[in-house]
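Structure first, commentary second.
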Amino acid sequence: MHELAVTQRILEIALRHADGASRITKLNLIVGDLTGILSESVQFYWDIITRETRAEGSTLCVSRVPTRLRCGDCGHEFAPDGRTFDCPNCGGRRVIIMTGREFRLESIEVQ
């Protein structure tokens, strides 16, 4: 359910940065797989909360960023296998998250 609050914040940011534009036509989001944010839920809420705003009818494009990890023991970079974050090279459990936590409004298009 945190998607509603996140989506409201996206709208606030977009409206603030679209100052002077008559309409927001497209937003590009970057969302890491580790955020737990469901694109479908964001889209659902977006369609509701943008009614009667300059963003009504705008396209919401979500680019997903896969999870990449680096082993803190051997330095090997890898994608988790879905079951564990253990390093497939050395079995190490000290990992550094390289990608997957991103969440940002990358750009907006306006008229």
Going by the conditions given, is E102 of a type in the set (D, E, K, R) and within 16 Å of A14 (Cα to Cα)? no
Of the residues in segment 27-72 that are small (G, A, S) and without any contact (Cβ under 8 Å) to a residue 60 or more places away in the chain, the one that is nearest to L15 (Cα to Cα) is A55
Within segment 75-100, can you find the residues that are not β-branched (V, I, T) and not in a loop (DSSP other than H, G, I, E, B)? E77, F78, M98
I'd like the full set of residues that are assigned to a helix (DSSP H, G or I) and under 14 Å from the mean Cα position of the chain (by Cα), limited to segment 16-27. none
Any residue in segment 74-87 that's farther than 16 Å from G32 by Cβ: show its pairings with residues that are basic (K, R) and in a loop (DSSP other than H, G, I, E, B) at Cβ separation under 7 Å, as long as the two are six or more apart or on different chains. D86/R93
Mind telling me which of the residues I13, I30 ends up being at pLDDT 95 or above, among the aliphatic types (A, V, I, L, M) and outside any helix (DSSP H, G or I)? I30
Hey, G36 hits all of (1) on the phi > 0 side of the Ramachandran plot; (2) at pLDDT 95 or above but one; which does it fall short on? (2)
Looking at segment 52-111 only, could you name the residues that are on the phi > 0 side of the Ramachandran plot and modelled with pLDDT of 95 or more? E52, G57, G75, G91, G100
Tally of residues being touching a strand residue (DSSP E or B) at 6+ places or on another chain (Cβ under 7 Å), in a loop (DSSP other than H, G, I, E, B) and of a type in the set (K, R) across segment 33-74: 1
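The values are calculated or read from the model by the stated rules, or taken from the named source; none is laboratory data. Bear in mind that the values here come from a model prediction, so they are computed numbers and not experimental data. Because the Cβ atoms are built from the backbone with ideal geometry, glycine has one as well, and the counts that use them run over all protein chains shown.
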